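In what follows, a single structure is set out as structure tokens and then discussed.
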Amino acid sequence: MSRVLVVEDESAIAELISLNLRHAGYEVTLAATAEQAQAAVDGVLPDLVLLDWMLPGQSGLSLARRWRGDARTRELPIIMLTARADETDKVAGLDAGADDYLAKPFSTNELMARIRAVLRRKAPEALDAAVEVAGLRLDPSTRRVSRGDVELKLGPTEFRLLHFFMTHPERVHSRAQLLDRVWGDHVFIEERTVDVHVKRLREALSPAQCAQMVETVRGAGYRLTQQVAASQA
Ligand code: CA
């Protein structure tokens, strides 16, 4: 389930957005100020943030800039919400690092479409689309993993981990990044936990001869690769 952080000080709007998001299957956290939003992000990294521009105290714009300057939140998908429809404001919002910009009032359908578009681009593991890498196929909607005729049995954590790897193939992910993106918690779970689940994932993939696709990158973390033969030569 995708986690969306809604940062909005007008409680009626916040409640309406959160109701619609929950109805669409998202897990929602609300924050009414930049400080609350920062505290929420420090705890659990959301898949996407809906960030109101005008907040009491620190503005949404400056919060977006701060997040873009921090390694942990640099890639965080952000949709800026604003009452201002000016072209210059839109440019300022996008310059501050927002992935998209939505002027109030907006329709629920438009908001949902923008959220899906940003997730597709930046956090495809948060969507239900099936993915395939080197013949290995994972379908989030049926929770099935297979390669050819071989159906694989994965635990829920291994499934999420594989889904994340498959939507970001060939990239190296540190243990801390995996805790953030797969577990949603980089503070209270030990990095060693990642190693345990990677081991289990390789075991689960071995009936389809895919265990070697999950590579250990010494001193850096893990990656999913389809170039197994090349990397072993
Ligand atoms: Ca506001």
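Numbers below:
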{"read-out": "Environment charge of Ile115, counting only residues whose C-beta is closer than 14 Å and scoring Lys/Arg +1, Asp/Glu -1", "value": "+1"}
{"read-out": "Largest to smallest accessible area among Met1, Met112 [probe 1.4 Å]", "value": "Met1, Met112"}
{"read-out": "Carbon and sulfur %, accessible surface of the chain computed with the full protein complex present, 1.4 Å", "value": "50"}
{"read-out": "In nm, spacing of pseudo-spin labels at Asp185 and Ala129 (7 Å Cα→C-beta vector)", "value": "3.1"}
{"read-out": "Angle between the chain longest axis and helix 108-122 axis [Cα atoms, degrees, rounded to 10]", "value": "40"}
{"read-out": "Cα gyration tensor, the range 10-72 - rounded (a/c under 1.5), prolate or oblate", "value": "oblate"}
{"read-out": "Proximal charge balance of Asp195 [Cβ under 14 Å; K/R count +1, D/E count -1]", "value": "+1"}
{"read-out": "Helix 34-43 axis, angle to the chain major axis (alpha carbon atoms, nearest 10°)", "value": "10"}
{"read-out": "Summed residue charge, Cβ within 11 Å of Glu10's Cβ, Lys/Arg positive, Asp/Glu negative", "value": "-3"}
{"read-out": "The range 127-232: relative contact order as a whole-number percent, Cα under 8 Å and 6+ apart", "value": "25"}
{"read-out": "Counting DSSP beta bridges with both ends in the chain, the antiparallel % (nearest 5)", "value": "45"}
{"read-out": "Qualifying lysines (Cα of each under 21 Å from Cα of Lys199; at least 8 residues distant if same chain)", "value": "Lys153"}
{"read-out": "Backbone HN-Hα couplings from phi across the range 133-140 [Karplus 6.51/-1.76/1.60, Hz, Gly and Pro as x]", "value": "9, 6, x, 7, 10, 10, 10, x"}
{"read-out": "Residue among Val182, Val118, Val150 with the largest mean-square fluctuation in a Gaussian network model of the chain, springs linking Cα atoms under 10 Å", "value": "Val150"}
{"read-out": "Alpha-carbon Rg with Dmax, taken over the range 3-122, Å", "value": "12.8, 34"}
{"read-out": "P(r) of the chain over all Cα-Cα pairs, binned every 5 Å from zero, in whole percent", "value": "1, 6, 14, 17, 17, 14, 11, 9, 6, 3, 1, 0, 0"}
{"read-out": "Solvent-accessible area per residue for the chain (1.4 angstrom probe, square angstrom)", "value": "50"}
{"read-out": "Hydrodynamic radius by Kirkwood, which averages 1/r over all alpha carbon pairs of the range 127-232, in angstrom", "value": "13.9"}
{"read-out": "Largest to smallest accessible area among Asp185, Asp95, Asp149 [probe 1.4 Å]", "value": "Asp149, Asp95, Asp185"}
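The values are calculated or read from the model by the stated rules, or taken from the named source; none is laboratory data. Model, not experiment: these values are computed from the prediction. Positions of Cβ are backbone-derived with ideal geometry, glycine not excepted, and every protein chain shown enters the neighbour counts. Side chains are part of the model used for accessible areas, which takes the heavy atoms of the whole protein and leaves out ligands, DNA and RNA. Shrake-Rupley method; radii C 1.70, N 1.55, O 1.52, S 1.80 Å.
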